[in-house]
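Can you read through this structure? Questions will come right after.
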Amino acid sequence: MQFLKGVWTFLVGVKDALVLLFMLLLFGVLWASLSMSAPKVSVPDGAALEIDLDGLLVDEATEPAPLAMLGGQDIIPETETLALVRAIDKAAADPAISMITLNLDGFMGGGQANLESVGAALKRFRATNKEVEAWATAYTDSGYYLAAHASSIGISPMGAVALTGPGGSNLYFKDALNKLKVNVEVFRVGTYKSFVEPFTRNDASPQAKEADQQLANDLWASWRTAVQRERQELDVAATLASWPDRVRGANQSQAELAKAAGLVDVVITESAWNAKLKERLGDGDEPDRPGDYKRIDIADYWAARRPVAETGDAVAVVHVAGSIVDGDAPAGTAGGSSIRRLIEDAVADGDVKAIVVRVDSGGGSALASDEIRQAMLEARARKLPVVASFGPVAASGGYWVGTGADMIFASPATVTGSIGVFGVIPTFEATLKQFGVSADGVTTTPFSGQPDVVGGLNDATRTLIQGGVQDIYQQFLTIVAGARKMPVAEVAPIAEGRVWSGTRAKELKLIDRYGDLQAAIGEAARQAGLKGEPRILVMRQPQPFLVQLLSKLGGVRAAPGQDAMARAVAISRMRATAQVEAAIAVAKGPTVQAHCLTCTGYSVPAQSAGRTELPALLKALLAD
């Protein structure tokens, strides 16, 4: 009997091995077939560069979850800003490209600093006497900002322009937590460290509201200035102030109202827009298909024109995007260890002569933030210039990272500062008591079993944690003072967790220069003594095989076109979801954090914010 059992076990093992071998062969054949060199893409002479800007404009695309791809879940498309800007600049100098068609129908937004980079690239393109034609069903702030840089703005007869400006509601959970008898222990330093307020208040404190209002005003002023510079006949403030009255008294569609107000140039359906482009540019690959004009999409264009097998001196770009967390994390989240290794890889690459660290993060773990900073300091110790480039958001832990650079570039619209730290520990002694559950035990020191989330914290532990928060805050101030060559006494009043716009940050000497990522790359190349256009080496983590395979098979769907209010509601829902996700991350995160709640409203929402329903997240927050 034992012999038969052994034979059976052996046969099952052989069967499993054969199945595994078959699966490996299947995936190998599939990978090989997908990786076979595609026919060489050619750029038609006189074609338009077609930019269908679907989904979100980001610094670093988020690595999609394999289960989400396998399950057929919608994955919001993401376009990396640097790649888009480089393609536009390449097309500007390309005689084969006659114009850009910018379809913003599925565009869901991007951080203002990244919008500025793309807008500047479109302006450089137009400076070569080439036109940019934009079209969408509806425009919100982000889409309209880019469209304002076009030669002509088209809108659907069924569409509208819905400009709102920065600002909006934040979520506060104090009453909900009180009803559940959850005690939130808060440890903070800084008058303006508003990240803890959702746990302790039902509204914003006067200090937080004052700082938030100034930030929103600065960003709105920057947006209006840029738009009115491109459309000089347009008075954005006056148009918005009079818009409700115009709509009430109008005898025409909102699209025609937008045209009359000078917001758009032509009211036209997408098919008619395409037909006009076909008349102007000629037939595309399918001449019998209505509206198929001569064009090449941006992915094919970059595949055709991207320099192949570049070698030689380079500037490495390392992205710090998303929440900063301890350990490793995939692209789109800044794992301290992952980013450190990318910087070390750049240092070890003999071709890399300078490093640019691009930050688009509202912070997170103070420990992980310092791990990244230390890697930057080690690169500088090897005589490599290190320049920080701040994207839409570089605050709290994101600013901490920036202090490791020789120089900091930022946009006037960058959300930065938030120099402060805090700790949050929820305890559940009162929650358990209402269900008849109590906690008891023995101790050998005042810290035995602490921090005790079921029995509550004692005074000795509170003193210890608060002391730790204050210690990290003092280290933060000292680091900033040393990096910015300012006395600690000068840093302290502009710290305390307050968030600043890039405009204010430059006045306060928290940044060195205005400029986007390409400006920072140029400065890094100059410091390294590189001549001409520098080679750019974007440092990336290797993608898991399954993600690579599923990406080749497809799995990202274009965002659907929506009317103006539907799009505004979708964006608002994503931002509210992002706030709840951020609150959950804080509740589950490290004891001491350098994180910025205000920044959540100015960041591009994470992929999960587009997939997760808000009620489910609220339930998860209260359950956690």
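I'm trying to understand the selection: among the residues of region 150-174, which are touching a strand residue (DSSP E or B) at 6+ places or on another chain (Cβ under 7 Å) and open to solvent by less than 50 Å² (accessible area, probe 1.4 Å)?
Correct list: A150, S151, S152, I153, G154, I155, S156, G159, A160, V161, A162.
In this structure, does I419 turn out to be buried (at least 16 other Cβ atoms within 10 Å of the Cβ) and either outside any loop (DSSP other than H, G, I, E, B) or modelled with pLDDT of 95 or more (or both)?
Values: buried (at least 16 other Cβ atoms within 10 Å of the Cβ): yes; either outside any loop (DSSP other than H, G, I, E, B) or modelled with pLDDT of 95 or more (or both): no.
Against the criterion (buried (at least 16 other Cβ atoms within 10 Å of the Cβ) and either outside any loop (DSSP other than H, G, I, E, B) or modelled with pLDDT of 95 or more (or both)), I419 does not qualify.
A further question follows. Would you pick out the residues in region 390-420 that are farther than 19 Å from S323 by Cβ and either under 15 Å from the mean Cα position of the chain (by Cα) or of a type outside the set (D, E, K, R) (or both)?
A405, M407, I408, F409, A410, S411, P412, A413
A further question follows. Could you tell me whether V424 is at pLDDT below 95 and over 16 Å from I479 (Cα atoms)?
When the stated conditions are applied, V424 passes them.
Out of T164, T128, I need the residue that is within 21 Å of G106 (Cα to Cα), in contact (Cβ under 8 Å) with a residue 12 or more places away in the chain and in a loop (DSSP other than H, G, I, E, B). Which one?
T164
Return yes when G327 is in a loop (DSSP other than H, G, I, E, B) and within 19 Å of R373 (Cβ to Cβ) and no when it is not.
Here the answer is yes, as G327 does meet what is asked.
Give just the number: which of (1) open to solvent by 60 Å² or more (accessible area, probe 1.4 Å); (2) farther than 25 Å from L180 by Cα; (3) not basic (K, R) does F435 not satisfy?
The single condition F435 does not satisfy is (2).
Going by the conditions given, is R280 at pLDDT 90 or above and more than 32 Å from the chain's Cα centre (by Cα)?
Spelling it out, R280 is indeed at pLDDT 90 or above and more than 32 Å from the chain's Cα centre (by Cα).
Considering only region 175-206, how many residues are open to solvent by 70 Å² or more (accessible area, probe 1.4 Å) and in contact with an Asp or Glu (Cβ under 9 Å, 6 or more places away or on another chain)?
To start, the set of residues in region 175-206 that are open to solvent by 70 Å² or more (accessible area, probe 1.4 Å) comprises 175, 178-179, 181, 188, 201-203, 206.
After this cut, where a residue has to be in contact with an Asp or Glu (Cβ under 9 Å, 6 or more places away or on another chain) as well, the list is 181, 202-203.
Residues in region 175-206 being open to solvent by 70 Å² or more (accessible area, probe 1.4 Å) and in contact with an Asp or Glu (Cβ under 9 Å, 6 or more places away or on another chain): 3 in total.
Find all pairs meeting these conditions: Cβ atoms under 8 angstrom apart; at least six residues apart or on different chains; first residue within region 215-244 and closer than 18 Å to A121 by Cα; second residue assigned to a helix (DSSP H, G or I) and open to solvent by 50 Å² or more (accessible area, probe 1.4 Å).
Pairs that qualify, where the first residue is closer than 18 Å to A121 by Cα and the partner is assigned to a helix (DSSP H, G or I) and open to solvent by 50 Å² or more (accessible area, probe 1.4 Å), are E230/K123.
If you take the residues of region 190-208 that are in a helix (DSSP H, G or I) and of a type in the set (A, V, I, L, M), which of them is modelled with the lowest pLDDT?
The residue in question is V196.
Another question, then. Just to verify a result, which residue in region 313-360, among those that are at pLDDT below 95 and polar (S, T, N, Q), is nearest to P542 (Cα to Cα)?
Checking each candidate, the answer is T333.
Filter region 222-239 down to the residues that are loosely packed, with under 15 Cβ neighbours inside 10 Å and in a helix (DSSP H, G or I) and list them by number.
T225, R229, A237, A238
The values are calculated or read from the model by the stated rules, or taken from the named source; none is laboratory data. The structure presented is a predicted model; accordingly, all values stated were derived computationally and were not measured. Note: ideal-geometry Cβ built from the backbone for every residue, glycine included; neighbour counts use all protein chains shown. Note: accessible area is taken over every heavy atom of the protein model, side chains too, but ligands, DNA and RNA are not part of it. Shrake-Rupley method; radii C 1.70, N 1.55, O 1.52, S 1.80 Å.
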